[in-house]
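Worksheet: the structure to be examined is printed underneath.
The values are calculated or read from the model by the stated rules, or taken from the named source; none is laboratory data. The structure presented is a predicted model; accordingly, all values stated were derived computationally and were not measured. We place every Cβ from the backbone using ideal geometry, glycine too, and count neighbours over all the protein chains shown. Surface areas here come from the heavy atoms of the whole protein model, side chains and all, with no ligands, DNA or RNA. Shrake-Rupley method; radii C 1.70, N 1.55, O 1.52, S 1.80 Å.
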Amino acid sequence: MKHFAAIVLLLLGITGILRAQPVASSPKLTVKLGALSLADPVLPSFNLAGEFQISGPWYGQMEAGLILNLDDQVNGLRTGDKSGFRLRPAVRFYYQEKRNRYFLEFLLVYRQVSMDIDGEFFIAPPNELSYNRLVNYSVDSRKLSAFLNVGLFDYSFNERLLFELGMGLGLSGQDNSFSNIPEYASLRRTSIFSGAYDPDYALTVADIRATGMLYLNIGYVLF
């Protein structure tokens, strides 16, 4: 019984100490790094973001990043000489003011990129023999997307360090313009995923498509 009483007193003491701990205030300003933006297989970018409190549970965020000029080969197309940027403004509503917080978010994404691509074309001039040829062509691409996301913002493991995970669904429209493509040529597709840089593939304002969003950010609470 003595041991039982001692354990009870210890638990009560721990409970009292925990209750006496001040509740962490809501972050007012945080800076973040878009971790998954660096892992984009075709257009990796170095994204930095700042999130600020507007009023109560409402927060605003602006994320921006430059497209990295890395040569790679994806779905049979070799890409290089890349330049461009991403912008991601967002408005968030947090459900609770704890360190481990869930949020609902409206996010816009604008991406602009120019790059050179090496692709194999099938060229069929009229009244002549058809043949295949490797062509270096250029693309200027602009893409606008809107997403409704849910996510988790967590800095419970440290007073300042944080990570957050968000996912959702949205709509996107894309416009591509191409140059240096031979006459009577069509790109030999090696994958359905190469369609974004296929000269026959150019979305207009009316061509709106459903798309998904997944991101992981790491960051630091300034105050």
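Could you please find all residues in the range 120-143 being of a type outside the set (Lys, Arg) and within 29 Å of Arg88 (Cβ to Cβ)?
Tyr137, Ser138, Val139, Asp140, Ser141
Residue by residue through the range 86-118, note down the ones that are part of a loop (DSSP other than H, G, I, E, B) and either within 16 Å of Asn149 (Cα to Cα) or at pLDDT 90 or above (or both).
Result: Tyr95, single match.
Of all residues in the range 161-180, which are assigned to a strand (DSSP E or B) and open to solvent by 30 Å² or more (accessible area, probe 1.4 Å)?
Scanning the range 161-180 gives Leu161, Phe163, Leu165, Met167, Leu169, Leu171, Asp175, Ser177, Phe178, Ser179.
Restricting attention to the range 144-160, and to residues there that are at pLDDT below 90 and surrounded by fewer than 19 Cβ atoms within 10 Å (Cβ to Cβ), which single residue is nearest to Tyr94 (Cα to Cα)?
Asp154
Residues are listed down the side, and each one gets a yes or a no for (1) surrounded by 14 or more Cβ atoms within 10 Å (Cβ to Cβ); (2) modelled with pLDDT under 50; (3) in contact with an Asp or Glu (Cβ under 8 Å, 6 or more places away or on another chain):
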| site | (1), (2), (3) |
| --- | --- |
| Phe4 | no, yes, no |
| Ile7 | no, yes, no |
| Ile17 | no, yes, no |
| Pro22 | no, yes, no |
| Lys28 | no, no, no |
| Leu33 | yes, no, no |
| Ala49 | yes, no, yes |
| Ser55 | no, no, no |
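Okay, residues lined up against (1) modelled with pLDDT of 75 or more; (2) in a loop (DSSP other than H, G, I, E, B); (3) open to solvent by 80 Å² or more (accessible area, probe 1.4 Å):
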position: Thr190; (1), (2), (3): no, yes, yes
position: Gly195; (1), (2), (3): no, no, no
position: Tyr201; (1), (2), (3): no, yes, no
position: Val205; (1), (2), (3): no, yes, yes
position: Met213; (1), (2), (3): yes, no, no
position: Leu216; (1), (2), (3): yes, no, no
position: Tyr220; (1), (2), (3): yes, no, yes
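Mind checking which residues of the range 124-140 are within 28 Å of Leu43 (Cα to Cα) and either open to solvent by less than 70 Å² (accessible area, probe 1.4 Å) or touching a Phe, Trp or Tyr at 6+ places or on another chain (Cβ under 8 Å) (or both)?
Result: Asn132, Arg133, Leu134, Val135, Tyr137, Ser138, Val139, Asp140.
Give me the pairs: first residue in the range 28-42 and over 17 Å from Val221 (Cβ atoms), second residue modelled with pLDDT under 90 and not in a loop (DSSP other than H, G, I, E, B), beta-carbon distance under 6 Å, and six or more apart or on different chains, which are they?
From residues that are over 17 Å from Val221 (Cβ atoms), the pairs are Pro41/Val74; Val42/Val74.
What number of residues in the range 43-62 are within 15 Å of the chain's Cα centre (by Cα) and free of Cβ contacts under 8 Å to residues at least 24 places away in the same chain?
3
Look at Leu43 and say whether it is within 20 Å of Tyr197 (Cβ to Cβ) and open to solvent by less than 30 Å² (accessible area, probe 1.4 Å).
Taking the combined requirement at face value, the residue satisfies it.
Taking Gly65 as the residue in question, decide whether it is at positive phi, within 17 Å of the chain's Cα centre (by Cα) and touching a residue at least 24 places away in the same chain (Cβ under 8 Å).
So Gly65 fails the test.
Kindly list, by first and then second residue, each pair from a residue in the range 146-161 that is within 25 Å of Gln174 (Cβ to Cβ) to a residue that is charged (D, E, K, R) and modelled with pLDDT of 95 or more, limited to pairs with Cβ atoms under 6 Å and residues at least 6 apart or on different chains.
Correct list of pairs: Asn149/Glu105.
Taking the residues in the range 71-123 that are over 30 Å from Lys28 (Cβ atoms), without any contact (Cβ under 8 Å) to a residue 40 or more places away in the chain and hydroxyl-bearing (Ser, Thr, Tyr) as candidates, determine which candidate is surrounded by the fewest Cβ atoms within 10 Å (Cβ to Cβ).
Out of the qualifying residues, it is Ser83.
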